[in-house]
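Readers should treat all values here as calculations from the given coordinates under stated rules, not as data from a laboratory. Please read all numbers here as calculations on a predicted model, not as lab measurements. Note: ideal-geometry Cβ built from the backbone for every residue, glycine included; neighbour counts use all protein chains shown.
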Amino acid sequence: MRLDNYSLGDYTPGAPYWKQLLWYFFGSPLVESYYIPISSVKVGVLRLFGASVGQGVRIKPGVKVKFPWRLSIGDYVWIGENTWIDNLASVCIENHVCISQGVYFCTGNHNWNHPNFQLMIAPIQIEEGCWIAAKAVIGPGVTTGYGSVLTLGSVTSQSLKPLTIYAGNPAKPIKQRNKGEKSSS
């Protein structure tokens, strides 16, 4: 590959440069801060920078968000310590989702077959009632079906079926979850 020929192509970060700088120097450090343990402050900062965030959201210290203007979080979502939402493309987290410690959302990758290491991006969708366990990794273009579980340290680059528990690297289905009623929120 020839990295000296690399370009972003038609990709843009989705916000003017001044907004990116304000996020990088002020917004991101506030959201990531261990000195501000209050979720409502972090939620307010994310909203100020363009994220859509529902009610009852809990954000722990150490959470990193690349571009808040490409983030949508539903109601009653928990986001654990040191989660990294690396959202070059949109990340949508629906209602009643638990994102445990150290989860990594990766919306971008590179084409190893392209001579100039071409950037490839795709959104991530976490449907209602999912649990993404600690240290799990979710790749570009993945949708986790309603109520699915990605277990501790698992890695997926494929979408997950609803009400199914996945484990491993690559993640494989291991068990069905009990069918529950969807919440009304």
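For the chain, what does the helix formula give at 222 nm: sum of -39500 (n - 2.57) over DSSP H segments with n ≥ 4, over the residue count, nearest 500 deg cm²/dmol?
Here the helix-only value at 222 nm equals -3000 deg cm²/dmol.
Give me a comma-separated list of calculated 3J(HN,Hα) values for segment 158-173, in order, Karplus coefficients 6.51, -1.76, 1.60 applied at θ = phi - 60°, integers in Hz, x for any Gly or Pro.
Listing the rounded values in order: 10, 5, 9, 6, x, 6, 10, 9, 10, 8, x, 9, x, 5, 10, x Hz.
Size of the dipole of the chain about the Cα centre, Lys and Arg at +1 and Asp and Glu at -1 on the beta carbon, nothing else charged, in debye to 20?
280 debye
Can you tell me which aspartates and glutamates have their Cα less than 15 Å from the Cα of Lys161? Leave out same-chain residues fewer than eight positions away.
Straight-line reach from Lys161, under 15 Å: Glu127, Glu128.
When 1/r is averaged over all different Cα pairs and the result inverted, which Kirkwood radius in Å belongs to segment 107-156?
Final number for the Kirkwood radius of segment 107-156 is 12.0 Å.
Find the Rg to Rh ratio for segment 1-92, where Rh is the Kirkwood radius over alpha-carbon pairs and Rg uses the same atoms.
Taking Rh as the inverse mean 1/r over Cα pairs, Rg/Rh reads 1.03.
List, in the order given, every pair from Lys60/Lys175; Lys42/Lys175; Lys64/Lys179 whose Cα-Cα distance in the structure shown is over 31 Å.
Lys42/Lys175; Lys64/Lys179
Give me P(r) over the chain, computed from all C-alpha to C-alpha distances, binned every 5 Å, as integer percentages.
2, 8, 16, 20, 18, 15, 11, 6, 3, 1, 0
So who's got an amide H within less than 5 Å of the one on Asn82, skipping anything under 5 residues away but keeping other chains? H placed 1.01 Å off N, in plane.
Gly62, Val63, Gly102
Residues with beta-carbon under 14 Å from that of Leu150, excluding Leu150: net charge, scoring Lys, Arg +1 and Asp, Glu -1?
With Lys, Arg at +1 and Asp, Glu at -1, the net is +4.
Compute the Kirkwood hydrodynamic radius of segment 74-179, taking the inverse of the mean of 1/r over all pairs of distinct Cα atoms, and give it in Å to one decimal.
Taking the inverse mean of 1/r over all distinct Cα pairs, segment 74-179 comes out at 13.7 Å.
Which far-off residues, 5 or more places away or on another chain, put their amide H under 5 Å from the one on His110, with H placed in the peptide plane?
For His110, whose amide H was placed from the backbone, the distant partners under 5 Å are Met120.
Report relative contact order for segment 15-176 in percent, whole number only (criteria: Cα-Cα under 8 Å, sequence separation at least 6).
13 percent.
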